[in-house]
Amino acid sequence: MIIIGELINASRKAIKAAIEAQDNEAIQKVARDQGEAGADYIDVNAGIFVGKEPEYLKWLVERVQQATDHPCAIDSPDPAAIEAALTVHKGTAMINSISLE
């Protein structure tokens with residue numbers, strides 16, 4: 001069984017605020033907490049930020065991987081956003097939510 005921590009999602013008010021404020025510690029705490037709770041992957045989603053999603057996904061991947069050794073599940077139907085996040089991801093990421101584009 002693979003467990004994915006799904007709490008770093010911009011649709012959650014606290015995460016949206018942390019992304020907008022570029023609050024490293026808030027994102028990293030959520031990532032660490034999920035890893036310590038048993039998550040195998042830490043999901044990152046910035047889908048509500050149309051036009052900025054690639055930039056914000058890269059930022060999220062970097063923050064998560066500074067805080068934990070767990071790989072990310074990159075959660076976006078936007079191929080450009082996935083590609084941007086993969087440019088900074090260390091190791092093998094999981095791709096979550098594809099659009100077949």
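Quick note: the coordinates plus some simple rules give every number you see, no bench work behind them. Computed from a prediction, not measured in an experiment: that's the story for all the values here. Here the Cβ is made from the backbone with ideal geometry for all residues, glycine too, and neighbour counts use every protein chain on show.
Count of region 56-71 residues, restricted to those that are assigned to a helix (DSSP H, G or I) and surrounded by 14 or more Cβ atoms within 10 Å (Cβ to Cβ), is 11. All of Ile19, Ile74, Ile82, Ile42 fail the test of being assigned to a helix (DSSP H, G or I), of a type in the set (Val, Ile, Thr) and closer than 14 Å to Asn96 by Cα, apart from Ile82.
I'd like to check something: does region 38-52 contain any residue that is in contact with an Asp or Glu (Cβ under 6 Å, 6 or more places away or on another chain), at negative phi and among the aliphatic types (A, V, I, L, M)? Yes: region 38-52 contains one or more residues that are in contact with an Asp or Glu (Cβ under 6 Å, 6 or more places away or on another chain), at negative phi and among the aliphatic types (A, V, I, L, M). The set of residues in region 53-72 that are under 18 Å from Lys16 (Cα atoms) and among the aliphatic types (A, V, I, L, M) comprises Leu57, Leu60, Val61, Val64. Of all residues in region 22-39, those satisfying the criterion of being aliphatic (A, V, I, L, M) and either more than 22 Å from Ala84 (Cβ to Cβ) or in a strand (DSSP E or B) (or both) are Ala37, Ala39.
If you check Asp33, Asp69, Asp40, Asp23 for being more than 23 Å from Gly91 (Cα to Cα) and either acidic (Asp, Glu) or in contact (Cβ under 8 Å) with a residue 60 or more places away in the chain (or both), only one passes: Asp23.
Counting only residues that are in contact with a Leu (Cβ under 6 Å, 6 or more places away or on another chain) and over 13 Å from Ala67 (Cβ atoms), region 1-32 holds 0 of them.
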